[in-house]
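First comes the structure, then the notes that go with it.
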């Protein structure tokens, strides 16, 4: 079912399935603690209408502990929702295992795959997932288009959220479909490109003796080209200095990032120590070199031209 954007797609999925489940006597919903605002907003509406929402446990990488879902579900659980990938840390969730647990309990499983689509393999046909949200912009398509992909093609599933209209943006949808056709054949080569650029960036940081750890697990367990670093002894006003150099790779300390770090148990008293980036195929070795050159100058200025961090 096509709609105008990913937030509307999430709202349609959560509100419709949550309401239908509650009408059938399954008013309990289980959710990860690191969902997007559109999912949170829909859950708040459902809770105000009488649904009960449980928040699942995560480890220090932001990954849901599967056992916490097994403990949370019951014969009253009607919906489980968890984003396939966290766009801030790149953490890939065990959605197949979580969906299987939900299906075994008789609950619907929804996943927001906007950050996953086009970056990793997604196939709803070999999982117990009921609904997937995807967004045109995230897969290289035009703005103004998104979709809810359902394992059960019956449109009735979306009928319980009439306040979210599905207005057709025909040019946007056409562009989104074209992008989806290209996406399937480009995932593997794009992954090789962005992972090599990420490796070059981290190798450069290593050459500066920058001490850091990767939040979200090892490189094999996060989104291609993405990393969120916890830097020891980060230079003062690091992000501001990088912005002045017109650095586009690191993601700034936005409200979303700080909220994510706080919800996953990280100390945010010094937000400068967290440096995130998500490389895509529009980036080149020139971007990496520009970042590393600017970063090295910041380090030298911080240490008076000598020493290491």
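The values are calculated or read from the model by the stated rules, or taken from the named source; none is laboratory data. It should be emphasised that the depicted structure is a prediction, and the values quoted were computed from it without experimental measurement. Note: ideal-geometry Cβ built from the backbone for every residue, glycine included; neighbour counts use all protein chains shown.
Only one of the listed residues (280, 262) is outside the structural domain of residue 118 (by TED's automatic domain parsing), out of contact with any strand residue (DSSP E or B) (no Cβ under 8 Å at 6 or more places or on another chain), within 17 Å of residue 87 (Cα to Cα) and surrounded by 15 or more Cβ atoms within 10 Å (Cβ to Cβ). That residue is 280. Scanning the range 212-239 for residues that are over 24 Å from residue 118 (Cα atoms) and in contact with a helix residue (DSSP H, G or I) (Cβ under 9 Å, 6 or more places away or on another chain) yields 212, 230, 231, 232, 233, 234, 235, 236, 237, 238, 239. Just one of (1) buried (at least 20 other Cβ atoms within 10 Å of the Cβ); (2) at pLDDT below 90; (3) within 24 Å of residue 183 (Cβ to Cβ) fails for residue 226. It is (2).
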